[in-house]
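As structure tokens, the structure follows; a few thoughts come after it.
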Amino acid sequence: MTRWTSQQVAGLAPDASSLAAARRLARPGPWSDTGSTETLLWGKCQGSGKTPYQVSIDLTAPAFRCSCPSRKFPCKHGLALLILWVDGSGSVAEATEVAGFAQEWAAERSARAESKAAGDAARPPRTPDPAAAAKRLEERLALMDDGMDDFARWLTDLARSGTAAARHQSYAWWDGTAARLVDAQLPGLADDVRSVGGAVTGRPDWAERLLVALGRWWTATRAWSGRESLDEARLGDLRAYLGWSTSTESVRRGDAVTDRWLVLGAHRTDDGRLQQQRTWLRGSATGETVQVLDFAAGGQVLPVARIVGSGLDATLARYPGAAVRRALFVHEPTVSDGDVRMPSGASLEDARSAAAETWGRNPWARRIPVVLSDVRVGVDRVVDADGASVPLTDDADVWSLLALTGGEPARLFGELEETRLRPLTVVLDGEVVGL
Amino acid sequence: MSDLDTWWRDIGNAALLGTARRPVPPLPDLGSAGVLGRSGESSREEALLDAAALGGAAVRAGRRLDHTEPPGAAPDDHRPVAPRRAVQLLELVMTQPPAGAQQRSALLAHWLGAADDADCRVPHALLPTVIALATGARELRRPAAAVLDERGRWLAGLRDEWSWVADASAGAEARTASRTTGTAPHADDWARLPSTDRVSVLAGVRAHDPAAARDLVRATWATDAARDRRAHLDALRIALGPDDEPLLEDALDDRAASVRELAAELLDALPGSARAARMAALLRPLVRRSGLLGRAVEVTLPDEPDPDAVRDGLGKPPPRRSARGWWLEQLCAGAPLELWAELTGAGPVATVKRLTDAHATDALAGIRRAARVRRDPEWAAALLDGGWDPTLVPALPRELRERAVLRRVDATNTKPHHAAAVIAAVEPPWSADYSVALVSRLRAAPQGSAIVVATLPYLVAGLHPAALDAVERWLESTGADHTLTTNLRNLLQFHSVKRSITEAFR
């Protein structure tokens, strides 16, 4: 297995201070009994106590184990061992025999994975009292119906009095509407209202944005009232937009695909309240691109990021939906040693057509994953071989992208968000680099 | 403008004012899409919201892409990228500086310099971080500019805050050539260089070929501004020699006082010059032996100087100085030191001891300056016997210099800041023996942590790797002294990373 880059290790750190602590530990001094194989990495780290901490890392997942009491995951010892291993200066040598403690852990892990798989297969689906479940569902639907009716009235009032008047409303007015939507169990719609309400005062293009948002919200109310006629996929997309979550158990039982998945790119956001990690995966057999979402709030830590450009053998269960589907890992994936390649990519015009087609199937899709071929990066936009161009999102890491591409045509993976592109991955001389 | 555009604009206007005041324009023919308005009765509000939904979807799906010229590409780089291990160290230094944040600049500067020496460049992925750090820390700009190569210059050209890179790079090439091979730029190129870079180019050339550097100074002397003339003259300090005398003589007649003063100061370093002889002639009648055995020395203050003497540096005194005392100092600083043997019949040690009368302070100040700029070890040693003066230390041969400093450290080790100033008198890098001896003396000092805190910047810059074992042993014995432990560990980390950087470029 080729050793990783230090950027990949940095990407695994739960926060900056862990990485800082790890870097201080990443010198041969405190380490003993280190070694690595294709899949495992291990070592003992002398801490303040008498017994050294035992650190084991499964490089394929990647997964970590450390006997230290830290609640950070991975802890500084795991990160430090990775840094030592990555630097390749010989402090962590290739070994043929795995240290006892690491071997035990690896065995436990694989046993657990097997028994979990067996258990999942054997355990009958949990069937709670169907009558009570039906009653709960009925109550929820009634609440949502009322909330949607209320929201439709709010929309017609807004249409009657005009958007210019709405622009002069305080943020509390928008927030109040959003709060009623939350009470009606429509949190996704509430988020959209808050975000548009926050944008109307500041932006020069507020009028068209608000008009388009009114159209989107109105579509949601019409779609909701006609939901009896929607198929499962379309209802799934609508549910996702409204924020009516689907339980992971029912997703697991549903629509699973086993494939070799290429990690196309990933993006992390943190709005101070909630951290989100989006990972885009492309099935090499099906050619379908799905997103896996992870969330962490409060003191929680996001799971370790997947390595961009790597292949994962995995079964993914897809949420109901028509296009740009969300998925979750049914089992912990294994890193594929087979060949996975970034798709060759399309022109901007083709990507735009594909996006339009996607919106035709799922009008709620906020981000469309696109692989673009031969695009040149400029300071605020990308330009393809035909001269067509798309502006970059404000949060795009344009300076890294410029430094890496030097204005030469490159293949990019990114998210098309309304009219803008957020580049997440660039392919340079066959090497896949996450931004 | 198509029907659809007009309709969408009208819908926008109706939405702004509200349906209470505006009717909603009817849906136009949407062509092959086959979208039709809702059949049956619906209110104005619903019609507007329907139109917003349809129009929004149409605009999103049907928006045409802008067409623009592709941005220009970066030229090919000239240098190979730094070795993999070196790149990892650069990442480490930038993201998580070992040895504490204060030492990041020094390590980064070391990395950049080592990369330049190895004729390597910064890898593309790290260019934004390197440029951003150098934008914030001016001392890194020159070394950074030397290793950014074409891609880095191209990148910096795209962002206003990074415009310093272009200027710094123009000088970097000429500097690199002058520093590594001593190649002097062509006279035309020299004239076009920005003044800030000319000084460092001059320094580079001067170290290899003093005459070529002097020719460069001469080439633009007539047209350079006074500030530049002074700066160029100042660069001639490096390898100053008798051949520079004609230029310095000319400079004594310069229009600018600052240039004249500097020329006189530089001539102080040339005891064989005509000016030194003129100064000696003025000084000789002012000194005479006295006492029964002729072992005392009497010094008289000079009288009002004539215009020739003023030209040689006997001008206006500095503030709060007596004019005649100042002139005496200037004469002593300019005349050959050998004159004293002739006047007193004694060697340096005896002469210093015998200069005790009222005007001896001014005379000694001048002698001190002469010993300093001429690096006269005998006189420096004689003067240091009379009292500590760190500026004289560099005039001593290395061994004596280090011995003098170590003695002084022993004498001041209860006062950490004094000790730090003493240590600062030996320029880095230090010899192995001296480094080891210094560490053991600091370790013996009564206030270990205070003295390490005060001297850390010098230890960081000067310590020879051979002394690191001693530091390690010291670290093992520090016990509960947290400050001392941290500082010693930082010191070790700094040197180990620095050494790794040097090795990574081999």
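The values are calculated or read from the model by the stated rules, or taken from the named source; none is laboratory data. Computed from a prediction, not measured in an experiment: that's the story for all the values here. Quick reminder, even Gly has a Cβ in these numbers, built from the backbone with ideal geometry, and neighbours come from all protein chains shown.
Quick one: is B:Ala239 under 26 Å from the mean Cα position of the chain (by Cα) and among the small types (Gly, Ala, Ser)? Outline the logic, then answer.
Numbers: under 26 Å from the mean Cα position of the chain (by Cα): yes; among the small types (Gly, Ala, Ser): yes.
For B:Ala239, the condition - under 26 Å from the mean Cα position of the chain (by Cα) and among the small types (Gly, Ala, Ser) - is met.
Counting residues that are within 13 Å of chain A (Cβ to nearest Cβ), in contact with a helix residue (DSSP H, G or I) (Cβ under 8 Å, 6 or more places away or on another chain) and closer than 19 Å to B:Arg79 by Cα, which helices (runs of 4 or more DSSP H) fully inside region B:91-159 reach at least 3?
Numbers: elements: B:104-117, B:127-136, B:141-147, B:149-156.
By residue number, B:127-136, B:149-156.
State all residues of region A:418-433 that are within 11 Å of another protein chain (Cβ to nearest Cβ) and modelled with pLDDT under 90; if no residue qualifies, say none.
A:Glu418, A:Thr419, A:Leu428, A:Glu431, A:Val433 - these are the residues of region A:418-433 that are within 11 Å of another protein chain (Cβ to nearest Cβ) and modelled with pLDDT under 90.
Check off (1) crowded, with 19+ Cβ neighbours inside 10 Å; (2) touching a His at 6+ places or on another chain (Cβ under 7 Å) for B:Leu301 and give me the number that stays unchecked.
(1)
Among the residues of region B:478-506, count how many are hydroxyl-bearing (Ser, Thr, Tyr) and exposed (fewer than 14 other Cβ atoms within 10 Å of the Cβ).
Of the residues in region B:478-506, 1 are hydroxyl-bearing (Ser, Thr, Tyr) and exposed (fewer than 14 other Cβ atoms within 10 Å of the Cβ).
So, in region A:391-414, of the ones that are assigned to a strand (DSSP E or B) and surrounded by fewer than 22 Cβ atoms within 10 Å (Cβ to Cβ), which residue ends up farthest from the other protein chains (Cβ to nearest Cβ)? Quick ask: steps written out before the conclusion?
Let us first name the residues in region A:391-414 that are assigned to a strand (DSSP E or B), namely A:391-392, A:410-414.
Retained after the next criterion (residues that are surrounded by fewer than 22 Cβ atoms within 10 Å (Cβ to Cβ)): A:391-392, A:411.
On the way: A:Pro391: 8, A:Leu392: 12, A:Arg411: 15 Å.
Ranking the qualifying residues of region A:391-414, first place goes to A:Arg411.
Could you check how many residues of region B:200-234 are under 19 Å from the mean Cα position of the chain (by Cα), at pLDDT below 90 and crowded, with 16+ Cβ neighbours inside 10 Å?
Result for region B:200-234: 7.
Please return the ranges of helices (runs of 4 or more DSSP H) entirely within region B:426-506 where 1 or more residues are under 22 Å from the mean Cα position of the chain (by Cα).
The helices (runs of 4 or more DSSP H) meeting that bar are B:448-462, B:482-504.
How many residues does region B:86-127 hold that are of a type in the set (Lys, Arg) and either assigned by TED's automatic domain parsing to the domain that holds B:Thr483 or in contact with a strand residue (DSSP E or B) (Cβ under 7 Å, 6 or more places away or on another chain) (or both)?
1
All but one of (1) surrounded by fewer than 19 Cβ atoms within 10 Å (Cβ to Cβ); (2) over 20 Å from A:Met144 (Cβ atoms) hold for A:Gly215; which doesn't?
Going through the list (1) surrounded by fewer than 19 Cβ atoms within 10 Å (Cβ to Cβ); (2) over 20 Å from A:Met144 (Cβ atoms), A:Gly215 breaks only (1).
Return the total of residues in region B:307-326 being outside any loop (DSSP other than H, G, I, E, B) and of a type in the set (S, T, N, Q).
Residues of region B:307-326 outside any loop (DSSP other than H, G, I, E, B): B:307-311, B:323-326.
Still in the list and also of a type in the set (S, T, N, Q): none.
Adding up the residues that qualify gives 0.
Here is a yes/no grid of residues against (1) modelled with pLDDT of 90 or more; (2) of a type in the set (A, V, I, L, M, F, W, C):
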| site | (1), (2) |
| --- | --- |
| B:Ser258 | yes, no |
| B:Arg275 | yes, no |
| B:Leu282 | yes, yes |
| B:Gly294 | no, no |
| B:Val299 | no, yes |
| B:Pro302 | yes, no |
| B:Asp312 | yes, no |
| B:Arg321 | no, no |
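So which residues in region A:415-435 are assigned to a strand (DSSP E or B) and small (Gly, Ala, Ser)?
A:Gly434
Pull up region B:96-123, narrow it to residues that are surrounded by fewer than 17 Cβ atoms within 10 Å (Cβ to Cβ) and over 20 Å from the mean Cα position of the chain (by Cα), then point me to the one that is modelled with the lowest pLDDT.
B:Gly100
Among the residues of region A:193-242, write down those that are out of contact with any helix residue (DSSP H, G or I) (no Cβ under 9 Å at 6 or more places or on another chain) and either within 26 Å of A:Glu138 (Cα to Cα) or in contact (Cβ under 8 Å) with a residue 12 or more places away in the chain (or both).
A:Gly226, A:Glu228, A:Ser229, A:Asp231, A:Glu232, A:Gly236
For region B:345-364, which positions are buried (at least 17 other Cβ atoms within 10 Å of the Cβ) and not hydroxyl-bearing (Ser, Thr, Tyr)?
Step one: filter region B:345-364 for residues buried (at least 17 other Cβ atoms within 10 Å of the Cβ), giving B:346, B:348, B:351-352, B:354-355, B:359-360, B:362-364.
Of everything in region B:345-364, those that are buried (at least 17 other Cβ atoms within 10 Å of the Cβ) and not hydroxyl-bearing (Ser, Thr, Tyr) turn out to be B:Ala346, B:Pro348, B:Val352, B:Arg354, B:Leu355, B:His359, B:Ala360, B:Asp362, B:Ala363, B:Leu364.
Which residue, of A:Val383, A:Val340, A:Val379, A:Val375, is hydrophobic (A, V, I, L, M, F, W, C), outside the structural domain of A:Gly309 (by TED's automatic domain parsing) and more than 22 Å from B:Ala74 (Cβ to Cβ)?
The conditions single out A:Val340.
Can you tell me which of A:Ala355, A:Ala365 is touching a residue at least 60 places away in the same chain (Cβ under 8 Å) and assigned to a helix (DSSP H, G or I)?
Every option except A:Ala355 fails the conditions.
Could you check region A:160-212 and list, in sequence order, the residues that are among the basic types (Lys, Arg) and closer than 19 Å to A:Asp145 by Cβ?
A:Arg180
Just checking, how many residues over region A:375-390 are more than 8 Å from every other protein chain (Cβ to nearest Cβ) and crowded, with 18+ Cβ neighbours inside 10 Å?
The qualifying residues number 3.
Counting just the residues of region B:50-82 that are among the small types (Gly, Ala, Ser) and within 30 Å of B:Cys120 (Cβ to Cβ), which one comes out farthest from the other protein chains (Cβ to nearest Cβ)?
Here the residue is B:Ala82.
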